[in-house]
Structure formats: C-alpha cells, structure tokens
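The values are calculated or read from the model by the stated rules, or taken from the named source; none is laboratory data. These figures come from a predicted structure and were not determined experimentally. All Cβ positions, glycine included, derive from the backbone under ideal geometry; neighbour counts span all protein chains shown. Calculation scope for accessible area: heavy atoms of the full protein, side chains included, ligands and nucleic acids excluded. Shrake-Rupley method; radii C 1.70, N 1.55, O 1.52, S 1.80 Å.
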Amino acid sequence: MNQDKPAALVTGAATGIGRSAAVALAENGYDVVVNYRRSEEAARNTAEQVQGAGGRTLLYRCDVSDDSCVRAMLGATEKEFGRLDVLINNAGTTVDVEPKNLEGMKVEDWNRIFNVNVLGLFLVTRAAVPLLRNSPNGC
C-alpha cells in the first residue's frame, strides 16, 4: 500500500464522464477506485486506461444506493490505498420517458432514479467523509 500517492473514488466510472474523470485523475498522479454497477467490461476498460495513465486501480462493483455495499467499498478503498483525497459522485441513472408523460413513469423506476441519484450521493459521501477528513489534504 502506497499512502504517499493521492487516491480518488469515482462512482459510475465505467463510461462517459466518470471514465474521463478517472483517467484524468490518473494522469494527474492519482490512484483510482473505479466504481460500477452493471458494466463490468466497460469498467475493466476504464481501469486499463487508468493504469495506462500511471494510476493503480481498485475495480469495485457496488450499487451506490445500497448502504452496506457502499460502506464495504469505502473499507476496501482504505485497505487498498490507505487514504481518500478526492470523491467524485458521478453515478446516475434515468429512464427514457418524456418529462410530460407522468403516467409513463412507473413508481419503481422513479424510486430507482431517486435512490441512485440522490440517496446514493448521500450514502457515498457519508461513508467517505472519515477517509476524506484524514486525507493529508484535509476536508
């Protein structure tokens, strides 16, 4: 475990903005936790890109709306890197329903969107704060 190098956690890092953030962090000297829920192959690709940019990775499958899974992910982060300096809460989900079509939005879908996009942000931040506070960069 190299605690001299800063570490970051990027949720939803398998594709898109999350992947770009993870790679940019590695290019700037960070080790990166690559969080994903469904897209394992894409997340592995992100991890390869992070490693290619000089960062070590921890590939971690976790649904950010599951508190026990989130806490386990932060525990694994501490075990692997010994620290956390940056948190990027990028995980998000949606469904393809036009905003004016309220009847087209199932309650189950709405709950999933809320749980990932809002509750997940809270759960990950809450679990990360102790590590962030102990970061040499402080929080």
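Quick look at the numbers
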{"read-out": "Where Glu80 falls short, out of the listed (1) more than 24 Å from Arg19 (Cβ to Cβ); (2) surrounded by 14 or more Cβ atoms within 10 Å (Cβ to Cβ); (3) among the acidic types (Asp, Glu)", "value": "(1)"}
{"read-out": "Residue ID - nearest to Ser68 (Cα to Cα), chosen from residues in the stretch 120-134 that are of a type in the set (A, V, I, L, M, F, W, C) and surrounded by fewer than 16 Cβ atoms within 10 Å (Cβ to Cβ)", "value": "Phe122"}
{"read-out": "Identity of the residue in the stretch 1-29, hydroxyl-bearing (Ser, Thr, Tyr) and either under 12 Å from the mean Cα position of the chain (by Cα) or modelled with pLDDT under 95 (or both), that ends up most open to solvent (accessible area, probe 1.4 Å)", "value": "Thr15"}
{"read-out": "Residue count for the stretch 9-24, restricted to those that are touching a Gly at 6+ places or on another chain (Cβ under 9 Å), over 22 Å from Gly82 (Cβ atoms) and not in a helix (DSSP H, G or I)", "value": "1"}
{"read-out": "Selected residue (only one of Val64, Val95 is of a type in the set (Val, Ile, Thr) and either under 13 Å from Ala128 (Cα atoms) or in contact (Cβ under 8 Å) with a residue 40 or more places away in the chain (or both))", "value": "Val64"}
{"read-out": "Residue among Asn115, Asn35, Asn45 that is open to solvent by 30 Å² or more (accessible area, probe 1.4 Å), within 18 Å of Gly16 (Cβ to Cβ) and not in a loop (DSSP other than H, G, I, E, B)", "value": "Asn45"}
